[in-house]
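The values are calculated or read from the model by the stated rules, or taken from the named source; none is laboratory data. The model shown is predicted, which means the values in this text are computed figures rather than measured ones. Cβ: placed from backbone, ideal geometry, glycine included. Neighbour counts: every protein chain shown.
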Amino acid sequence: MGQNEVLFERAQKVIPGGVNSPVRAFRQVGGVPRFVSKASGPYFWDADNKRYIDLIMSWGPMIAGHAHPEIVEAVQKAAATSFSFGAPTEGEIELAERICSLMPSIEQIRMVSSGTEATMSALRLARGYTGRDLIVKFEGCYHGHADSLLVKAGSGLLTFADSTQNAPSSSGVPQDVVKHTLVLPYNDTAALEAIFQKQGDQIAAVILEPIAGNMNLIKAKPEFLAAARKLTSQHGAVLIYDEVMTGFRVALGGAQSLQGITPDLTCLGKVMGGGMPMAAFGGKKEIMSKLAPLGAVYQAGTLSGNPVAVAAGLKTLEIVAREGFYECLAGQTQKLMSGLKMAADQASIPFAVDSVGGMFGFYFTSAVPTSFAEVTQSNIEAFKHFFHAMLDEGVYLAPSAYEAGFTSITHDNAVVDQIVKAAQKSFQKIQK
Ligand SMILES: *Cc1c(COP(=O)(O)O)cnc(C)c1O
């Protein structure tokens, strides 16, 4: 028995399912999760000291590569002056200033410790600001695990829960809470128009992933985003962009900089903390000023703006802002995707690919999907075989067909070539 098996058995005794977040489990693909012992650049090593090329990168944050020397140094320096004060620091101002300048829609920002907190707080703020209860979300979008957002909430829940129509995606969420959450199909402009026509004066907010990354990767149609902007403005609702995944991942200014639409509030996380527990929400000053201590919307956090996390975030944002970072990242990611596609074609396996910046999707279907319904039609059996074949070859993919994948700047041409070679072998294997 290998060390991963030994650790998994030990873990399952004291941690439900042996993991501290369900997406780390191998339930959909079968087998034993790999326990990571160390990581560097595009690689991590498991408990048996086997090396893998990492295509999850902590589900997004590690865009500069694992254990980037400059980030490690910044974190060590910050840690030496203690980890937390419960009083403000200059670093928080610097990080806030930097994000406000990179994302012009954000005039003010409040830091929290997880994406879940960011979206939960943004919703509360939108409700407090508008004095309304209803929120609109889209099928397959994940916005963290706050009660009111756990309705048709994408990959993790899709992989594990038995989600029935019009019910919360998780047990333990009261129907009374989710009755204020209206769920529409992603990219369905007509459905959005219809709901605003019917209940526009009761809707506090529309929350969406401007590039959906929690039902594999699905791009929003321009007319869908334009309609969301127009309808929320017309009806006095708040447009919330959940860029926890896409912020600083698809471009320096996030998805909103690529799509030319200005949201009222934006939620950030993942890359902005460089792998430390750090997230934020921000936007129009008029709305943000409703937050305590200025306004009546309460929101707080003992570890919010944590100085060690701020140091990691600041250094990460400095690295991604360097000349040519995203051009290089996007180029390498596209090269990886076209390599995978070619390998699948050689084995005559129906396969489609897509990517934006350092985020990618591949689908065992013949065309790139545009909705949650289409994503769920992909060939899960083929994915499972591919996943395990790649794992054997030393390439670590997300253990679910419904997740997006992530590269870093250290996934250079040589690393991409290794992955494509592994894919060629894997596709040949599953063809048999
Ligand atoms: C990861 C993610 C979240 C939740 O962030 P956590 O830090 O895991 O709580 C919210 N929204 C989106 C779009 C995400 O990808």
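Given the conditions (1) acidic (D, E); (2) at pLDDT below 95; (3) under 29 Å from L252 (Cα atoms), and given that E94 satisfies all but one, which numbered condition is not satisfied?
Of (1) acidic (D, E); (2) at pLDDT below 95; (3) under 29 Å from L252 (Cα atoms), only one is false for E94: (2).
Can you tell me which residues in region 263-294 are in a loop (DSSP other than H, G, I, E, B) and under 16 Å from V244 (Cα atoms)? Working first, answer last.
Our first condition is that a residue be in a loop (DSSP other than H, G, I, E, B); within region 263-294, this holds for 263-264, 269, 274-278, 284, 289-290, 292-294.
Scanning region 263-294 gives P263, D264, G269, G274, G275, M276, P277, M278.
Given the conditions (1) of a type outside the set (D, E); (2) on the phi > 0 side of the Ramachandran plot; (3) within 22 Å of the chain's Cα centre (by Cα), report the number of the one that G236 does not fulfil.
For G236, the exception is condition (3).
Please list, ordered by first then second residue, the pairs with beta carbon atoms under 7 Å, 6 or more apart or interchain, first in region 341-365 and without any contact (Cβ under 8 Å) to a residue 40 or more places away in the chain, second β-branched (V, I, T) and assigned to a loop (DSSP other than H, G, I, E, B).
P350/T365; A352/T365; A352/V368
Could you tell me which residue of region 14-39 is farthest from the ligand (Cβ to nearest atom), considering only residues that are among the hydrophobic types (A, V, I, L, M, F, W, C) and assigned to a loop (DSSP other than H, G, I, E, B)?
Top of the filtered list is V32.
Is there a residue being among the polar types (S, T, N, Q) and either buried (at least 24 other Cβ atoms within 10 Å of the Cβ) or within 15 Å of the ligand (Cβ to nearest atom) (or both) anywhere in region 199-218? Talk me through it step by step, then tell me what you get.
First, pick out the residues of region 199-218 that are among the polar types (S, T, N, Q): 199, 202, 214, 216.
Filter again for either buried (at least 24 other Cβ atoms within 10 Å of the Cβ) or within 15 Å of the ligand (Cβ to nearest atom) (or both), leaving 214, 216.
Checked region 199-218: at least one residue is among the polar types (S, T, N, Q) and either buried (at least 24 other Cβ atoms within 10 Å of the Cβ) or within 15 Å of the ligand (Cβ to nearest atom) (or both).
Being of a type outside the set (D, E), assigned to a helix (DSSP H, G or I) and surrounded by fewer than 23 Cβ atoms within 10 Å (Cβ to Cβ) is the filter here, so list the residues in region 341-363 that pass it. Break it down into steps so the answer makes sense when it comes.
Kept after step one, since they are of a type outside the set (D, E), are these residues of region 341-363: 341-344, 346-353, 355-363.
Still in the running and assigned to a helix (DSSP H, G or I): 341-344, 346.
Answer for region 341-363, where residues must be of a type outside the set (D, E), assigned to a helix (DSSP H, G or I) and surrounded by fewer than 23 Cβ atoms within 10 Å (Cβ to Cβ): K341, M342, A343, Q346.
I need the full set of residues from region 400-432 which are under 22 Å from A251 (Cα atoms) and either of a type in the set (G, A, S) or assigned to a loop (DSSP other than H, G, I, E, B) (or both), in order please. So that I can check it myself, show each step before the final result.
Let us first name the residues in region 400-432 that are under 22 Å from A251 (Cα atoms), namely 403-413, 415-416.
Hits for region 400-432 are E403, A404, G405, T407, S408, I409, T410, H411, D412.
Out of (1) in a helix (DSSP H, G or I); (2) of a type in the set (F, W, Y); (3) closer than 18 Å to L150 by Cα, the odd one out for Y241 is which?
It fails just one condition, (1).
In the set S105, S84, which member is hydroxyl-bearing (S, T, Y), away from the ligand (no atom under 12 Å from the Cβ), buried (at least 20 other Cβ atoms within 10 Å of the Cβ) and modelled with pLDDT of 95 or more? Working first, answer last.
Details: S84 fails: buried (at least 20 other Cβ atoms within 10 Å of the Cβ).
Within the list S105, S84, the selection yields S105.
Which residues, taken from region 111-130, are more than 12 Å from the ligand (Cβ to nearest atom), crowded, with 23+ Cβ neighbours inside 10 Å and either free of Cβ contacts under 8 Å to residues at least 24 places away in the same chain or of a type outside the set (A, V, I, L, M, F, W, C) (or both)?
The one that is more than 12 Å from the ligand (Cβ to nearest atom), crowded, with 23+ Cβ neighbours inside 10 Å and either free of Cβ contacts under 8 Å to residues at least 24 places away in the same chain or of a type outside the set (A, V, I, L, M, F, W, C) (or both): Y129.
Identify, please: which residue in region 79-121 is small (G, A, S) and in contact with a Gly (Cβ under 7 Å, 6 or more places away or on another chain) and is, among those, nearest to S304 (Cα to Cα)?
Start the filter on region 79-121 by keeping residues that are small (G, A, S), which leaves 79-80, 82, 84, 86-87, 91, 96, 101, 105, 113-115, 118, 121.
With the extra rule that they be in contact with a Gly (Cβ under 7 Å, 6 or more places away or on another chain), the set shrinks to 105, 113-115, 118.
Values: S105: 22, S113: 6, S114: 9, G115: 12, A118: 11 Å.
Taking the candidates together, the pick is S113.
Looking only at residues in region 230-247 that are over 13 Å from G200 (Cα atoms) and not hydrophobic (A, V, I, L, M, F, W, C), which one is nearest to the ligand (Cβ to nearest atom)?
D242
Only one of D242, D264 is of a type outside the set (V, I, T) and touching a Gly at 6+ places or on another chain (Cβ under 7 Å); which? Show your work before the answer.
Values: D242 fails: touching a Gly at 6+ places or on another chain (Cβ under 7 Å).
Selected residue: D264, the only one of D242, D264 that is of a type outside the set (V, I, T) and touching a Gly at 6+ places or on another chain (Cβ under 7 Å).
Could you list all residues from region 56-76 that are away from the ligand (no atom under 16 Å from the Cβ) and under 24 Å from D392 (Cα atoms)? Before the answer, list the steps.
Looking only at region 56-76, we keep the residues that are away from the ligand (no atom under 16 Å from the Cβ), and these are 64-76.
Matches in region 56-76: G65, H66.
Tell me whether region 274-296 contains one or more residues that are of a type in the set (V, I, T) and within 20 Å of the chain's Cα centre (by Cα). Quick ask: steps written out before the conclusion?
Initial filter on region 274-296 (of a type in the set (V, I, T)): 287.
Retained after the next criterion (residues that are within 20 Å of the chain's Cα centre (by Cα)): none.
The answer is no; no qualifying residue exists.
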